[in-house]
Amino acid sequence: MFIALENLFNGGIVSIPLDCEFDFSSYEYGGVFPFTTPVKLRGEIKNTAGIVTVSAKISFVLETCCDRCAVPVKLPFEVDMEHGLVASLNDEENDDYILVENMKLDIAELTSEDIYLALPGKILCKEDCKGVCASCGADLNEGPCGCKKEVDPRWAALFDSED
């Protein structure tokens, strides 16, 4: 979804409200497609004393599996979007501003980039998730599995209690 910003950069208007929903159901994250509901974006793009900024809040629900125990999880997220926009750059390596080429901003692309940058590296069902037993696959959140813990033979002498 492209937003024309020429009037905003030229001072013809002061702000553009943002109230959008995006279908990111085809976007992959961690081998799954976790965006089963629309991603919502609320905020505005405004020109304040010649400085154009986008300020918004992104809301979505991530549906995936816990990285430790593999149970399905639905996690609500809210991500703040704050960016300075420019029509041209003097320094091509400047990462502080977003270059708006042809005075059009792809707000869906910017939204997806901000989402991916905000997502945690590990998704957990709960902060203290114990995962699954490496031997039998039992969910350790439900209690101990009863497997006898194997001792690495190199360390067996340290755990030998018969001496």
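Which GluC sites (Glu not before Pro) in the range 75-143 pass both tests, a DSSP loop state and at most 14 other beta-carbon atoms within 10 Å?
Here the sparse-neighbourhood loop sites are 92, 93, 127.
So what J values fall out for the range 63-71 if you push phi through Karplus, 6.51 cos²θ - 1.76 cosθ + 1.60 with θ = phi - 60°, rounded to Hz, Gly and Pro as x?
These are the phi-based 3J(HN,Hα) values: 10, 8, 10, 4, 6, 9, 10, 6, 6 Hz.
Got a sec to turn the phi values of the range 47-60 into Karplus ³J(HN,Hα) couplings, 6.51 cos²θ - 1.76 cosθ + 1.60 with θ = phi - 60°, whole Hz, x for Gly and Pro?
Once rounded to whole Hz, the list reads 10, 10, 6, x, 9, 9, 10, 10, 9, 7, 10, 9, 10, 7.
So how far, in whole Å, is the C-alpha centre of the range 122-142 from the one of the range 1-23?
The range 122-142 and the range 1-23 have Cα centres spaced 46 Å from each other.
Tell me which residues come under 5 Å, amide H to amide H, from residue 5 once H is placed; ignore anything under 5 positions away on its chain.
Amide H neighbours of residue 5, under 5 Å, 5+ apart: 104, 105.
Per residue, how much accessible area does the range 1-115 have with a 1.4 Å probe, in Å²?
59
Calculate how many DSSP beta bridges within the chain are antiparallel, expressed in % of all such bridges and rounded to the nearest 5.
For the chain, the DSSP antiparallel bridge percentage is about 90.
Can you give me the angle between helix 107-118 and the longest principal axis of the chain, using Cα atoms only, in degrees from 0 to 90, rounded to the nearest 10?
Taking the Cα atoms of the chain, the angle to 107-118 is about 30 degrees.
Measuring from label point to label point, each 7 Å out along Cα→Cβ, what is the residue 134 to residue 19 span in nm?
5.4
Show the residues, 5+ positions off or on another chain, whose built amide H is closer than 5 Å to the amide H of residue 138.
HN-HN under 5 Å from residue 138: 133.
On the protein heavy atoms, probe 1.4 angstrom, tell me the percent of accessible surface of the chain carried by carbon and sulfur.
Carbon and sulfur atoms account for 50 percent of the accessible area of the chain.
Using the Karplus equation 6.51 cos²θ - 1.76 cosθ + 1.60 (θ = phi - 60°), what ³J(HN,Hα) coupling, rounded to whole Hz, does each residue of the range 30-39 give in order, writing x for Gly and Pro?
x, x, 10, 10, x, 9, 8, 10, x, 8
Between [x] 1.24; [y] 0.93; [z] 1.08, which matches Rg/Rh (Cα atoms, Kirkwood Rh) calculated for the structure shown?
Checked against the structure: label [x].
Enumerate the amide H contacts of residue 67 below 5 Å, restricted to partners 5 or more residues apart or on another chain; note that Pro and chain-start residues carry no placed amide H.
Those lying under 5 Å, H to H, from residue 67 are 123, 124, 125.
The values are calculated or read from the model by the stated rules, or taken from the named source; none is laboratory data. Nothing here was measured: the structure is a model prediction, and the numbers come from that model. No Cβ is skipped: glycine too gets one built from the backbone with ideal geometry, and neighbour counts run over all protein chains shown. Note: accessible area is taken over every heavy atom of the protein model, side chains too, but ligands, DNA and RNA are not part of it. Shrake-Rupley method; radii C 1.70, N 1.55, O 1.52, S 1.80 Å.
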